[in-house]
Amino acid sequence: MVERSELTRSLPVRGRSHATFAIGGWEGRAQNSPFACFIIWGATLCCMRVQAGLARLALALLLLAAVAAQAGSIEPKRAALTPGEDGYTLSAEFSLELGNRLEDAVARGVPLYFNLEFVLERPRKYWVNEHIVTRSLTYRLSYSSLTRQYRLTTGSLHQNFGSLQEALRVVGRIAALPVVEKDAIKAGESYEAAVRLALDRSQLPKPFQVDAITDRGLQVEAKVLRWQFVAPAVVQ
């Protein structure tokens with residue numbers, strides 16, 4: 001007499017034999033026939049495909065969330081000091097990317113403030129650098145839903161733009177800004193200059209200030225550009 005296997009021992013011996021199967025945590029019994037095996041195989045394959053599809057969907061959602069929460073950036077491209085009749089002027093260029101969250105905030109009426117800061121120091125051996133001058137300038141960028149224009153304010157000066165990109169290009173281009181008087185530096189001396197354009201988060205509405213601590217979509221990374229400057233003779 002042929003001894004039954006461990007699997008068949010637990011199955012009834014009367015009538016047709018059955019096979020136990022499990023799909024997605026659900027257990028059942030099917031007749032031990034080619035058709036039943038085909039049904040089980042098809043159901044298992046279907047579950048595997050569904051799980052793979054859900055995994056791909058979850059990955060896509062994570063990537064979209066990462067893109068949506070990407071921090072903005074302000075990157076300096078170039079900067080230079082030029083001698084003039086009364087001293088030196090600064091010329092600089094920055095590339096501005098605010099990110100989707102801040103662009104949407106401006107379009108909804110939230111004003112943004114940008115601070116331009118220039119620092120000039122003279123290196124000294126065995127001592128801290130000598131501070132020569134610090135020059136700062138503030139820009140206010142806002143949007144009017146009535147005129148559908150972006151407004152850029154610097155001091156008492158105002159400019160209107162039809163698009164956000166136009167306004168940001170003007171913010172990022174500094175031309176002939178007086179920063180150093182001619183008597184403040186000496187011809188032939190070497191100096192260290194630094195310039196930075198940054199979003200002033202302290203001027204954001206209070207809820208935005210709190211969210212900006214952890215929300216990368218409300219953060220703008222600002223880099224500092226440093227360079228060595230040797231003062232030529234000032235034009236008389």
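Values in this text are rule-based calculations from the coordinates and carry no lab data. This one's a predicted model, so the numbers in the text were calculated from it and none came from an experiment. Cβ: placed from backbone, ideal geometry, glycine included. Neighbour counts: every protein chain shown.
Applied to the stretch 118-127, the Karplus parametrisation 6.51 cos²θ - 1.76 cosθ + 1.60 on θ = phi - 60° returns per-residue 3J(HN,Hα) values of 10, 10, 10, 9, 10, x, 9, 6, 6, 7 Hz, with x for Gly and Pro. When DSSP beta bridges are restricted to pairs lying wholly in the stretch 72-230, around 95% turn out antiparallel. Modelled this way, with points 7 Å down the Cα-to-C-beta line, the labels at W227 and S163 are 2.9 nm from one another. Note on Y126 and R78: with the Förster distance fixed at 30 Å, the Cβ-Cβ geometry gives a FRET efficiency of about 0.40.
Per residue, the convex hull spanned by the Cα atoms of the stretch 91-167 measures out at 129 cubic angstrom. Here the label points at N115 and R135, each 7 Å from Cα along the C-beta direction, are separated by 1.8 nm in the simple model.
For the stretch 72-230, the orientation-averaged shadow of the C-alpha convex hull comes to 10.9 nm² (one quarter of the hull surface).
Protection proxy ranking, highest mean first, for peptides 121-132, 166-177: 166-177, 121-132, where packing is the per-residue count of other beta-carbon atoms within 10 Å, averaged. Ordering of 181-193, 153-165, 108-120, 217-229 by packing is 108-120, 217-229, 181-193, 153-165, highest average first (other Cβ atoms within 10 Å, averaged per residue).
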